[in-house]
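FYI, it's all coordinate maths here, none of it is from the lab. Note that the structure is predicted; figures quoted are calculated from it, not measured. Virtual Cβ from ideal backbone geometry, glycine too; neighbours counted across all protein chains shown.
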Ligand code: GAR
């Protein structure tokens, strides 16, 4: 059975989708949910699900990313994960952190990468007049929002969409895609999953 640690920064809806999927014959189980924000509401959800949680507030580190990560890594390593899932984790990682977990670290991003790395992905898709949008799961490498593709889900952009309505449509797909990718990945199959048009 593979051990999965999940990093979050906020509500953790993707984390909940991952946790709920890891039952029965799934080849993995959640062992830790950690956040850079002690007030992240996802921590309570993880706790309610009976999963160990940890919070390392990044703010007292005042921009010293390496020192923040050293504290976070102590919690992660103590949980002995085989796989690390970033699920709405909104801190940029140092090359040292990436090197430590590369090859076993996944991320979900709310765009059809390589389009729109970074923030404000839905507004950028709307501004560009894109006919479709979506989300991507990929292995994390030292380049932000880059790395080998593990899955992609597409949704249509509809007339009258705002970034909020589009984000909600994409998020529903995130909750399908990330668990599907994790199940396949944890079973040793790194070939990509594709959903949608
Ligand atoms: C999700 O839409 C996720 O794709 C995005 O943050 C949201 C987190 O929601 N991640 C990024 O933008 C990473 N660059 P959640 O906390 O409800 O899962």
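Some values worked out for this structure:
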read-out	value
Residue count, region 83-104 (criterion: more than 15 Å from residue 34 (Cβ to Cβ), part of a loop (DSSP other than H, G, I, E, B) and in contact with a helix residue (DSSP H, G or I) (Cβ under 8 Å, 6 or more places away or on another chain))	2
Unmet requirement for residue 173, which otherwise passes all of (1) touching a residue at least 40 places away in the same chain (Cβ under 8 Å); (2) outside any loop (DSSP other than H, G, I, E, B)	(1)
Answer residue from region 19-31, given it is within 16 Å of the ligand (Cβ to nearest atom) and in contact with a strand residue (DSSP E or B) (Cβ under 6 Å, 6 or more places away or on another chain) and is nearest to residue 77 (Cα to Cα) among those	30
Any hit, region 53-72, residues being within 20 Å of residue 178 (Cα to Cα) and in contact with a strand residue (DSSP E or B) (Cβ under 9 Å, 6 or more places away or on another chain)	no
Qualifying positions in region 133-164 - in contact with a helix residue (DSSP H, G or I) (Cβ under 8 Å, 6 or more places away or on another chain), assigned to a loop (DSSP other than H, G, I, E, B) and within 13 Å of the ligand (Cβ to nearest atom)	140
